[in-house]
Amino acid sequence: MSEVTLGGRYTFPGTSLTVHRTGYGAMQLAGPGVWGPPKDLDGAVAVLREAVAAGVNHIDTSDFYGPHVTNQIIRQALHPYPAGLVIVTKLGGRRPPDKSWQPAISPQDLTAGVHDNLRNLGLDALDIVNYRVMGSGHGPGEGSIAEQVTVLSDLRRKGLIRHIGLSNVTAAQVAEAQTITGIVCVQNSYNLAHRHDDGLIDNLARQGVAYVPFFPLGGFTPLQSSTLSSVAERLGAKPMQVALAWLLHRSPNILLIPGTSSVAHLRENLAASQLTLSPQTLAELDEVVAAVAEKH
């Protein structure tokens, strides 16, 4: 695929890191519940290699996926890494044996997490590390993140991290972090039907900071909408492809990291960046938000 069909290029602010706007999220490479090895390790390796062969040069991961498993698969599939590949990881969580998701936010936790990522990915330094706030459910947690961002900033000065991002945060937390260090990306839950971050996205776009929606297709409760389905049918596409294309149209600072463990599904996701949505279609899709708001 050409870079045009991957949504064009984006350079993270204040960096030399340029990626195609459609990337790949590696969470689904681990076993069920993001725990343990996948049933089909060869299939997981094949998905990663197919993504890179198709032009993907932005991979999102974390060492608490598995835990450790996803990063080890990335290393097995792609190391030594091709020039220009940007691997973005995240810290702030851990997975104890009961398979729960727990905060890991002390200076010791964060430092150990950086070293775990370096070891399992086979790297000397991490391109971008997002500090992930482990809130209740899938929404952001409140409160100061100054201590954690300061720890990452110190690790950056030591050369273990090149750039810092945030995940699952409020606009106030973004502003607080930016008083401590440069922030190159923000990764929050956002999609066609759940648009709580509209104001934040526009503010970050003015600053040139990337916004990376997780759960771009609804996550554990996939997007379902008759409007989405009818638009997709009219365009000869699948509803989830339209939902991804809408995100690319939403703002030029949005980067996509849809995940999958299937090569066929990967190809569908990447093809979404080829869809052109007219102003009329975009207006029609905006009705999806209104319909969701009425239900709630």
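Please treat every number below as a calculation from the coordinates, not as lab data. Nothing here was measured: the structure is a model prediction, and the numbers come from that model. So basically every Cβ, Gly included, is an ideal-geometry build from the backbone, and we count neighbours across all protein chains shown.
Given Cβ point charges of +1 (Lys, Arg) and -1 (Asp, Glu) and nothing else, what value in debye, to the nearest 20, does the dipole of the chain about its Cα centre take?
Approximately 480 debye in magnitude.
Two decimals, Cα atoms only, Kirkwood Rh: what is Rg/Rh over the stretch 78-128?
Taking Rh as the inverse mean 1/r over Cα pairs, Rg/Rh reads 1.03.
Based on DSSP loop calls and a cut-off of at most 13 other Cβ atoms within 10 Å, the longest stretch of the chain free of exposed trypsin sites (Lys or Arg not before Pro) is what?
Segment 159-296 is the longest.
Cα convex hull of the stretch 156-212: mean projected area in nm², to one decimal?
Quarter of the Cα hull surface area: 4.1 nm².
At q = 0.13, 0.15 Å⁻¹, what is the base-10 log of I(q)/I(0) for the chain according to the Debye formula with one equal point scatterer per Cα and no solvent? Please give it to two decimals.
Each listed q corresponds, in turn, to -0.88, -1.21.
Dimensions of the stretch 90-165 along principal axes (Cα, Å, largest first)?
33, 28, 19
What is the Cα centroid distance between the stretch 103-154 and the stretch 28-100, reported in whole angstrom?
Each part reduced to its Cα centre gives a spacing of 17 Å.
Which shape class, rounded, prolate or oblate, goes with the stretch 42-169 when its Cα gyration tensor gives a ≥ b ≥ c as root eigenvalues, a/c under 1.5 marks rounded, and past that a/b bigger than b/c marks prolate?
Prolate, since a/c reaches 1.5 and a/b exceeds b/c.
Can you list, bin by bin at 5 Å, the percent of alpha carbon pairs in the stretch 1-58, starting at 0?
Histogram of Cα-Cα distances, whole percents per bin: 4, 18, 21, 18, 15, 12, 10, 2, 0.
Looking at the chain, how many pairs of lysines come closer than 28 Å at the Cα, when each pair is eight or more places apart or spans two chains?
Value for the chain: 6.
In degrees, nearest 10, range 0 to 90: what is the angle between the Cα axis of helix 226-235 and the longest Cα principal axis of the chain?
In the chain, helix 226-235 runs at an angle near 80 degrees to the longest axis.
Roughly what angle does helix 146-157 make with the longest principal axis of the chain, taking Cα atoms, 0 to 90 degrees, to the nearest 10?
Helix 146-157 and the main axis of the chain meet at about 70 degrees.
Find the relative contact order for the chain and round it to a whole percent, using C-alpha pairs within less than 8 Å whose residues are 6+ positions apart.
18
Hey, what's the Kirkwood Rh for the stretch 127-279 if you take every pair of different alpha carbons, in angstrom?
After inverting the pairwise mean of 1/r, the radius is 16.6 Å.
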